[in-house]
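**Q** Just dropping this structure here.
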Amino acid sequence: MMKFWIHNNTKAKSVKASQHMRKRLIKAGLVPDEQNPELVISIGGDGTLLSTFHKYEKQLDKVMFVALHTGHLGFYADWIDDEIDELVERIIEQQDNVRTTSYPVIQVNVEDSKGNVSSYRAINEGIVRRLTSLTMKTQVNIDTEYFENFRGDGLCFATPTGSTAYAKAIGGALIHPKVDIFQMVEIASINNRVFRTISSPIIIPKDQRIDLYPEKADDYVVSCDGQPVEFSDIKKISVSLCEKRATFAQYRHVHFWSRVENAFLGKNEK
């Protein structure tokens, strides 16, 4: 029988949905296992899904996710809370033959002056900036070749699924998750007669990486999916696609552009 775990936020609707699903799945013979699940069910919003992903980010080759939204349909959620019983039935029926899809994940490596490397992953985006309001200054290399000297508030590196989040708000492109790439989007870059950046989102293929060589400072912040880590000593930051992808159980298909239309445009009358 399939091993599962449910990760939910603390809202009453999510807790109730979690208890109902857990009871039904156990009754059907599925085994709850928080440490080594095959299926992880996220109940809440897209923020809950992000925390669920990071809880199991070291087990991406063993676990698949499915998200149930207790508000409205999210970018990672194919189901809403009044469809719990239908989702449960499909999980039970398809546990030996689950269709899946997978999404790119970003790898962010931060190297200090002593050669120590800290590694992070993001399913939405990684953001590099200063903790203070001071301008971030960094050399940008693409696939080991010099590209530009950036000056501005920071840089955002977004996956295709993350292209609808913060990256969109700062002028990034919307990218279908079937495309195996990531993008770099500038955050309030400085462009004048002295300083010049490309001032456009850059699309990076899966076999290339971006290296940042930031000006020495003790107040850098690297944030992956909203989880900030402060650094006082950075020599280089490398951003690329992770070799592993995030796998989602596809108990039904919701078209990506339908999600975009529903989230940002609404159902317009023809």
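**Q** In deg cm²/dmol, rounded to 500, what helix-only [θ] at 222 nm does the chain give when every DSSP H run of at least 4 residues adds -39500 (n - 2.57) and the total is split over its residues?
**A** On the way: 5 runs with 49 residues, N = 270.
Theoretical 222 nm ellipticity from helices: -5500 deg cm²/dmol.
**Q** Tell me, what is the Rg over Rh of the chain, with Rh the Kirkwood radius over Cα pairs? Please list the in-between numbers first.
**A** Numbers: Rg = 20.2 Å, Rh = 19.9 Å.
So for the chain, dividing Rg by the Kirkwood Rh gives 1.02.
**Q** May I pose another question? So what's the gap between the Cα centers of region 134-162 and region 229-264, to the nearest angstrom?
**A** Measuring centre to centre over Cα atoms gives 18 Å.
**Q** If you don't mind, another one. Counting DSSP beta bridges in the chain, what percent are antiparallel, to the nearest 5?
**A** Working: 56 of 73 bridges.
Of the beta bridges lying entirely in the chain, close to 75 percent run antiparallel.
**Q** Another question, then. All other residues with a Cβ under 14 Å from the Cβ of GLU57 taken together, and with Lys, Arg as +1 and Asp, Glu as -1, what is their net charge?
**A** On the way: positive: LYS55, LYS58, LYS62, ARG121, LYS244, ARG245; negative: ASP61, ASP225, GLU243.
After counting each charged neighbour, the total is +3.
**Q** Label 7 Å along Cα→Cβ of ASP82; region 18-40 residues with amide nitrogen under 19 Å?
**A** Once the point is set 7 Å along Cα→Cβ of ASP82, 18, 20-21 turn out to lie under 19 Å by backbone N, inside region 18-40.
**Q** What do you get for the angle between helix 84-93 and the principal long axis of the chain? Use alpha-carbon atoms, 0 to 90 degrees, nearest ten.
**A** Approximately 80 degrees, to the nearest 10.
**Q** At 7 Å along the Cα-to-beta-carbon direction for both HIS176 and HIS255, put a label point, then send me their distance in nm to one decimal.
**A** With each label placed 7 Å out from Cα toward Cβ, I get 1.1 nm.
**Q** To the nearest µm²/s, what D does Stokes-Einstein give for region 152-270 at 25 °C and 0.890 mPa s, using the Kirkwood radius over alpha carbon pairs as Rh? Numbers along the way, then the final one.
**A** Working: Rh = 16.6 Å.
Taking Rh from Cα pairs, D becomes 148 µm²/s.
**Q** Right, something else. Skipping prolines and chain starts, which residues have an amide H placed within reach, meaning under 5 Å, of the one on MET2, given they are 5 or more residues away or on another chain?
**A** Close amide H contacts, sequence-distant or interchain: VAL31.
**Q** Of all accessible surface on region 16-153 at a 1.4 Å probe, what whole percent is carbon and sulfur?
**A** On the way: 2800 of 6560 Å².
Of all accessible area on region 16-153, carbon and sulfur atoms account for 43 percent.
**Q** Can you tell me the length gained on complete extension of the stretch ARG193 to ASP143, counting 0.36 nm per residue apart and subtracting the Cα distance? Display every interim value, and only then the final one.
**A** Working: separation 50, 0.36 × 50 = 18.00 nm, distance 2.75 nm.
This chain segment gains 15.2 nm when fully extended.
**Q** Size of region 72-183 along its principal axes in angstrom, Cα-based, largest extent first?
**A** 54, 30, 26
**Q** Please compare each pair in LYS3/LYS23; LYS62/LYS114; LYS114/LYS137; LYS58/LYS216 to a cut-off of 23 Å on the Cα-Cα distance and tell me which ones are over it.
**A** On the way: LYS3/LYS23 14 Å; LYS62/LYS114 34 Å; LYS114/LYS137 21 Å; LYS58/LYS216 31 Å.
Violating the 23 Å limit, Cα to Cα: LYS62/LYS114; LYS58/LYS216.
**Q** Now for a separate question. Grab the eigenvalues of the alpha-carbon gyration tensor for region 109-156, scale each by 5, take roots, and send me the semi-axes largest first in whole angstrom.
**A** 18, 16, 14
**Q** Quick check: residue separation of GLU34 and LYS13 times 0.36 nm, minus the Cα distance between them. What number comes out in nm? Don't skip to the answer; put the middle values down first.
**A** Working: separation 21, 0.36 × 21 = 7.56 nm, distance 2.13 nm.
Gain in length upon complete extension: 5.4 nm.
**Q** Cα axis of helix 12-27 to longest principal axis of the chain: angle in degrees, 0 to 90, nearest 10?
**A** 50 degrees
**Q** Using the Cα centre of the chain as the reference point, and only Cβ charges (+1 on K/R, -1 on D/E), how large is the resulting charge dipole? Debye, rounded to the nearest 20. Before the final figure, lay out the partial values.
**A** Working: 34 positive and 35 negative charges, 50 e Å.
The calculation lands at about 240 debye.
**Q** If you don't mind, another one. So, with +1 on the Cβ of K and R and -1 on the Cβ of D and E, and no other charges, what is the size of the charge dipole of region 195-270 about its Cα centre, to the nearest 20 debye?
**A** Numbers: 12 positive and 11 negative charges, 105 e Å.
The dipole magnitude comes to about 500 debye.
**Q** Rounded, prolate or oblate: pick one for region 66-123, where a ≥ b ≥ c are the square roots of the eigenvalues of its C-alpha gyration tensor, a/c under 1.5 means rounded, and failing that, prolate if a/b is larger than b/c, else oblate. Don't jump to the answer; show the numbers that get you there.
**A** On the way: a/c = 4.41, a/b = 2.44, b/c = 1.80.
Prolate, because a/c is 1.5 or more and a/b exceeds b/c.
The values are calculated or read from the model by the stated rules, or taken from the named source; none is laboratory data. Computed from a prediction, not measured in an experiment: that's the story for all the values here. Every residue, glycine among them, receives a Cβ derived from its backbone with ideal geometry; neighbour counts consider all protein chains shown. Protein only, heavy atoms only, side chains kept; ligands, DNA and RNA dropped before computing areas. Shrake-Rupley method; radii C 1.70, N 1.55, O 1.52, S 1.80 Å.
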